[in-house]
Amino acid sequence: MTPDAAWSALDALAGRPGGAAIRPLFAADPDRPARMTHRAGDVLLDLSRTAIGPAVLDALLDLARATDVAGFRDALLRGDAVNVTEGRSALHTALRVPDGAPPAGAGPSMDRALALARQTRARMQTFTEAVHDGSIRGATGQRFTDVVNIGIGGSDLGPFMAARALWTPGCPMRAHHLANVDAHAWDALRPRLDPARTLVLVASKTFTTQETMTNAALVRGWLAESLGDAGAATHLVALSTNLKAAAAFGIPAERVFGFSDTVGGRFSVWSAIGLSLALALGWPEFERFLAGARAMDEHFLSAPLEANLPVLLALAEVWHVNGLGYPARAVLPYDERLARFPAHLQQLEMESLGKAVRIDGSPVPRGTGPVVFGEPGTNAQHSFMQLIHQSPTPVPVDFILVANPGHAHPDSHRKLLANGLAQAEALLVGRSEEAVRAEMAAAGAPAARIDQVAPHRVFTGDRPSTVILLPHLDPFTLGQLVALYEHKVACLGALWGINPFDQWGVELGKQLAAHILPALEGLDAEQDPTTAPLIARIRQLQGIG
Ligand code: F6P
């Protein structure tokens, strides 16, 4: 079947009356919950609360075959140059291949990446252990207790998300994350740090990112104030592919941890970019994080399409975006520790999949990556869930539940889980106007009040969600979860025929910011007439215009 034929078959199914209905699928198949639930290692994925019935599932799997998702997966894991617009491979999976093991997809072009990954990992381990045992200390001889990761985008979100998820007070070091060029962030962080005991990682793949280099200069100045220039240098580490620029910043080669430019920022938490995580958690925990991702790589490579979690998650997205026309998706982890997980997915998914042209440069004929947003449950319920329950356009939800908490308060955890399960159920089953009227009448509401309020209290139901269930949250399960979404993104690249590994859409704003900056400083530079009046007004408000 050609991709066009597979898309047409899907469009036909989406166009059927009742194509978005979910409840009838449960009525038609008592085994639906089991049939639509799949497992990979510790990760359970329940797709039963989607409008994917047997015919749609078959059509989606036909589409996966027609667009050669498996071929793209194999090429990715083999190390082929799948990032065609940047002319390189996407080798993040090489980073989680343990010493001595073959790569998940075994291909010769993986060799260099594997060698570099292993070499850097060994250096990261030696460094981490030396910081922890006190053989590497600060300029005044004190042990490092705090690590600050200065980075933005993929050089911040992955390590920040994972540290937030996994750090506990018994961990070896405290981790802090500085991303925004807005110095309010640094002003808020600085009082919590003692320069003599703070290790600073400048995390930037390119080592040219304006935000990161500006923050790095601020923090280096702060270190130098109390430790002197030479002392400050001993507190600095670079995580970068650009060894030259790191050296120019004053960080000696033995304090630079590199990685290959075949590792995209949003896929880089497994690389040297994860050093703050290793320092915060301890090396064995970091290795378990890598091992979890590797377990998901192996599942992705070997599971048949119809039981392959990344593939199924991607197909559900296709159905929601292209079949049913839902342009957004919410990610709701019912676990406070995963508070930064939606932010990580925002970059991973939107920077990868928000594309207007296909690999051959032709315009995409249908929608690509949806808007992704989220908050931990139950906070989301008291914020935006109103819209998700009652707005005219449904918003599919990923519920992420963790069966066992990391704390000793079972009552709180039961309430948390009850809320998550209730939200998924409410979205599915809804509440009819008849039911609302009956309930209000039983509560003694007058007829006029029932007429007035009943329509407002209706829940249409048939709103899709997926549930991802983990037994507990630890480095190994988190590694599986993050890699699941990474591979989902790769599958969507194949399904939509777009390159999920480039991000040209971030360039224009960066260039314009560089052009606008001198004007804010009062230097002459011709500005776009739409921006010039605002620059003038800002300078006036600053008392300098
Ligand atoms: O926002 C664009 C981007 O290039 C991301 O892809 C990347 O994660 C981020 O900037 C940071 O880049 P770098 O690690 O080079 O500082």
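The values are calculated or read from the model by the stated rules, or taken from the named source; none is laboratory data. What you see is a predicted model, and the numbers here were worked out from it, not measured in a lab. Cβ: placed from backbone, ideal geometry, glycine included. Neighbour counts: every protein chain shown. The protein model used for the area step is the full one, side chains on, heavy atoms only, and it has no ligands, DNA or RNA in it. Shrake-Rupley method; radii C 1.70, N 1.55, O 1.52, S 1.80 Å.
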Point to revise | Given (1) within 17 Å of Val56 (Cβ to Cβ); (2) not in a helix (DSSP H, G or I), index of the condition Arg329 fails | key: (1)
Check your understanding: Restricting attention to the stretch 167-190, which residues are out of contact with any strand residue (DSSP E or B) (no Cβ under 6 Å at 6 or more places or on another chain) and either buried (at least 24 other Cβ atoms within 10 Å of the Cβ) or among the hydroxyl-bearing types (Ser, Thr, Tyr) (or both)?
Key -> Thr168
Check your understanding: Applying the selection to the stretch 191-213, what residues are open to solvent by 50 Å² or more (accessible area, probe 1.4 Å) and of a type in the set (S, T, N, Q)?
Key -> Thr206, Thr208, Gln210
Exercise for review: Kindly indicate which of Glu375, Glu351 is open to solvent by 10 Å² or more (accessible area, probe 1.4 Å), within 25 Å of Val402 (Cα to Cα) and among the acidic types (Asp, Glu).
Suggested key: Glu375
Review point. For the stretch 293-337, how many residues meet the condition of being of a type in the set (Gly, Ala, Ser) and open to solvent by less than 10 Å² (accessible area, probe 1.4 Å)?
Key: 4
Point to revise | Hey, Ala175 in a strand (DSSP E or B) and touching a Ser or Thr at 6+ places or on another chain (Cβ under 7 Å) or not | key: yes
Exercise for review: Test Leu312 against the stated conditions and say whether it is assigned to a helix (DSSP H, G or I) and touching a residue at least 60 places away in the same chain (Cβ under 8 Å).
Suggested key: yes
Check your understanding: Would the stretch 27-44 turn up any residue that is closer than 22 Å to Glu306 by Cβ, in a helix (DSSP H, G or I) and open to solvent by less than 30 Å² (accessible area, probe 1.4 Å)?
Key -> yes
Practice item. For Glu285, state whether it is under 23 Å from Ile468 (Cα atoms), within 23 Å of the chain's Cα centre (by Cα) and surrounded by fewer than 23 Cβ atoms within 10 Å (Cβ to Cβ). Key: yes
Check your understanding: Yes or no: Thr128 away from the ligand (no atom under 16 Å from the Cβ) and of a type in the set (Val, Ile, Thr)?
Key -> yes
Practice item. Could you check how many residues of the stretch 194-217 are within 28 Å of the chain's Cα centre (by Cα) and more than 16 Å from the ligand (Cβ to nearest atom)? Key: 2
Check your understanding: Applying the selection to the stretch 214-255, what residues are outside any helix (DSSP H, G or I) and either open to solvent by 30 Å² or more (accessible area, probe 1.4 Å) or over 18 Å from Ala139 (Cα atoms) (or both)?
Key -> Thr234, Leu239, Ser240, Thr241, Asn242, Phe249, Gly250, Pro252
Exercise for review: Give the residues of the stretch 526-535 that are surrounded by 13 or more Cβ atoms within 10 Å (Cβ to Cβ) and of a type in the set (A, V, I, L, M, F, W, C), sorted by residue number.
Suggested key: Ala532, Ile535
Study note, to complete from the structure: For the stretch 17-55 the number of residues that are of a type outside the set (Phe, Trp, Tyr) and either touching a Ser or Thr at 6+ places or on another chain (Cβ under 9 Å) or modelled with pLDDT under 95 (or both) is 21
Point to revise | Answer from Leu470, Leu517, Leu495, Leu512 - the residue that is assigned to a helix (DSSP H, G or I) and in the same structural domain as Glu317 (by TED's automatic domain parsing) | key: Leu495
Exercise for review: Could you pull out the residue among Arg414, Arg449 that is under 28 Å from Phe26 (Cα atoms) and in a helix (DSSP H, G or I)?
Suggested key: Arg414
Check your understanding: In the stretch 256-280, how many residues are more than 11 Å from the ligand (Cβ to nearest atom), out of contact with any Lys or Arg (no Cβ under 6 Å at 6 or more places or on another chain) and part of a loop (DSSP other than H, G, I, E, B)?
Key -> 2
**Study point:** For Val148: the one exception among (1) modelled with pLDDT under 95; (2) among the hydrophobic types (A, V, I, L, M, F, W, C); (3) within 16 Å of the ligand (Cβ to nearest atom)
**Key:** (1)
Review point. Which is touching a residue at least 40 places away in the same chain (Cβ under 8 Å), within 16 Å of the ligand (Cβ to nearest atom) and either under 24 Å from Gln480 (Cβ atoms) or acidic (Asp, Glu) (or both), of Ala162, Ala175?
Key: Ala162
Study note, to complete from the structure: Only unsatisfied item for Pro394, checking (1) open to solvent by 10 Å² or more (accessible area, probe 1.4 Å); (2) not in a loop (DSSP other than H, G, I, E, B), is (2)
Point to revise | Which listed residue, of Arg340, Arg366, is surrounded by fewer than 15 Cβ atoms within 10 Å (Cβ to Cβ), basic (Lys, Arg) and in the same structural domain as Leu10 (by TED's automatic domain parsing) | key: Arg366
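A quick yes/no check of all residues on (1) polar (S, T, N, Q); (2) under 19 Å from Gly79 (Cα atoms); (3) at pLDDT below 95; (4) away from the ligand (no atom under 16 Å from the Cβ):
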site	(1), (2), (3), (4)
Val467	no, no, no, yes
Leu484	no, yes, no, yes
Gly497	no, yes, no, yes
Gly505	no, no, no, no
Study note, to complete from the structure: Out of (1) surrounded by fewer than 21 Cβ atoms within 10 Å (Cβ to Cβ); (2) in contact (Cβ under 8 Å) with a residue 12 or more places away in the chain; (3) in contact with a helix residue (DSSP H, G or I) (Cβ under 7 Å, 6 or more places away or on another chain), the one Glu86 does not meet is (3)
